[in-house]
Amino acid sequence: MTLDDLAVPLRALRLLAVDFPYLPAPDVDVSPLYPERLRLSFHDTTGESLAAFEQWRTALRIAPDAVDSRTQSDGQTRVLAAEGSFAGAVVVLTAFADQPITDRAPAGQAGGVR
């Protein structure tokens, strides 16, 4: 595999930088394992990552009902995930944020935001 094989997600990233320079900066991942994908992720402990996710979801015109919301780490971390397309690439958005204490399930019970 060559860098040229990643041209589609890299081109999409370049266009995103031009079209949406005002949006929050994500962690960016392009991999030869999935050469058609551009992964944009947001991590923080203040909940701002969820707002950044929503700004990007809106900009990429991904429908709200296409968002998967779940928890991980025994309900301590909220995760939002969605996929869309942009400039021929599959764009995968993911956000991780601390789950508010009041929303966490008691120890030993499933729960949290789904």
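Keeping every protein chain present and rolling a 1.4 Å probe, give me the accessible area per residue for the chain in Å². Numbers along the way, then the final one.
Working: 6780 Å² over 114 residues.
For the chain, the solvent-accessible area averages 59 Å² per residue.
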Just how large is the dipole of the chain about the Cα centre, in debye to the nearest 20, putting +1 at every Lys and Arg Cβ and -1 at every Asp and Glu Cβ? 140 debye
Segment 27-70: Rg to Rh, with Rh as the Kirkwood radius over Cα pairs: 1.00
Value of relative contact order over segment 1-47, rounded to a whole percent, pairs C-alpha under 8 Å and six or more apart: 41 percent
The chain - convex hull of alpha carbons, volume per residue in Å³: 103 Å³
Ignoring ligands, DNA and RNA, what percent of the 1.4 Å accessible area of the chain is carbon and sulfur? 53 percent
Among 2, 63, 15 - extreme Cα towards positive end, dipole of segment 1-65, charges at beta-carbon: 15
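The values are calculated or read from the model by the stated rules, or taken from the named source; none is laboratory data. Everything quoted here is computed from the prediction, not taken from an experiment. Cβ: placed from backbone, ideal geometry, glycine included. Neighbour counts: every protein chain shown. Remember, those area values only see protein heavy atoms, side chains included, never the ligands or the DNA or RNA. Shrake-Rupley method; radii C 1.70, N 1.55, O 1.52, S 1.80 Å.
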